[in-house]
């Protein structure tokens, strides 16, 4: 089964939190798809990754050449870059989770509706038999919680 990590954002939004996680992904030799339900989020992330202090090679459907992009930002369900890591934002669905070894579900801890939706996704993933972890943003980084 796929390992799914739930990442409770309490200190920053995904534009600030995601680059750190993506750096670790690339350092591990993995490729990633970052999926949102919002086109404006994809545009924000595209800009944030270009402005990151350490370069994060990535692309979007507007850029093309998906197969050569180690990080692919999209609102679609496809995996055109052969990624095994999936990052979900804004309540995006995982689609065919079987093609991923790890899924990162980032959600806004300051929004009650987002919290409830994340709890529902957790329950569904647990009942499907996935391996789950829960991480919360702390002052010095991510804290794994029970």
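Values for this structure:
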item	result
Near pairs, Cβ below 6 angstrom, 6+ apart or cross-chain, from region 28-51 (free of Cβ contacts under 8 Å to residues at least 12 places away in the same chain and at positive phi) to any residue that is part of a helix (DSSP H, G or I) and surrounded by fewer than 16 Cβ atoms within 10 Å (Cβ to Cβ)	none
Every residue from region 27-58 that is in contact with a helix residue (DSSP H, G or I) (Cβ under 7 Å, 6 or more places away or on another chain), at pLDDT 95 or above and assigned to a loop (DSSP other than H, G, I, E, B)	36, 58
Residue among 80, 61 that alone is without any contact (Cβ under 8 Å) to a residue 24 or more places away in the chain and touching a helix residue (DSSP H, G or I) at 6+ places or on another chain (Cβ under 6 Å)	80
Meets criteria (surrounded by 14 or more Cβ atoms within 10 Å (Cβ to Cβ) and either closer than 15 Å to residue 2 by Cα or without any contact (Cβ under 8 Å) to a residue 24 or more places away in the chain (or both)) for residue 100	yes
Odd one out for residue 94, checked against (1) under 24 Å from residue 141 (Cα atoms); (2) in a loop (DSSP other than H, G, I, E, B)	(1)
Residue within region 67-77 that is part of a loop (DSSP other than H, G, I, E, B) and within 11 Å of the chain's Cα centre (by Cα) present	no
Residue that is farthest from residue 48 (Cα to Cα), among those in region 12-27 that are loosely packed, with under 13 Cβ neighbours inside 10 Å and free of Cβ contacts under 8 Å to residues at least 40 places away in the same chain	27
Filter result for residue 95 (crowded, with 16+ Cβ neighbours inside 10 Å and within 13 Å of residue 2 (Cβ to Cβ))	yes
Failed item, numbered, when residue 108 is tested on (1) more than 21 Å from residue 31 (Cα to Cα); (2) out of contact with any helix residue (DSSP H, G or I) (no Cβ under 7 Å at 6 or more places or on another chain)	(2)
Matching residues in region 124-133 - criterion: being within 11 Å of residue 6 (Cβ to Cβ) and either out of contact with any helix residue (DSSP H, G or I) (no Cβ under 8 Å at 6 or more places or on another chain) or assigned to a helix (DSSP H, G or I) (or both)	125, 126, 133
Residues satisfying the stated conditions in region 97-120, i.e. closer than 19 Å to residue 74 by Cβ and part of a helix (DSSP H, G or I)	97, 98, 99
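The values are calculated or read from the model by the stated rules, or taken from the named source; none is laboratory data. Treat the numbers as computed from the prediction; the structure is a model and nothing was measured. Using ideal geometry, Cβ is built from the backbone for each residue, glycine included, and neighbour counts are taken over all protein chains shown.
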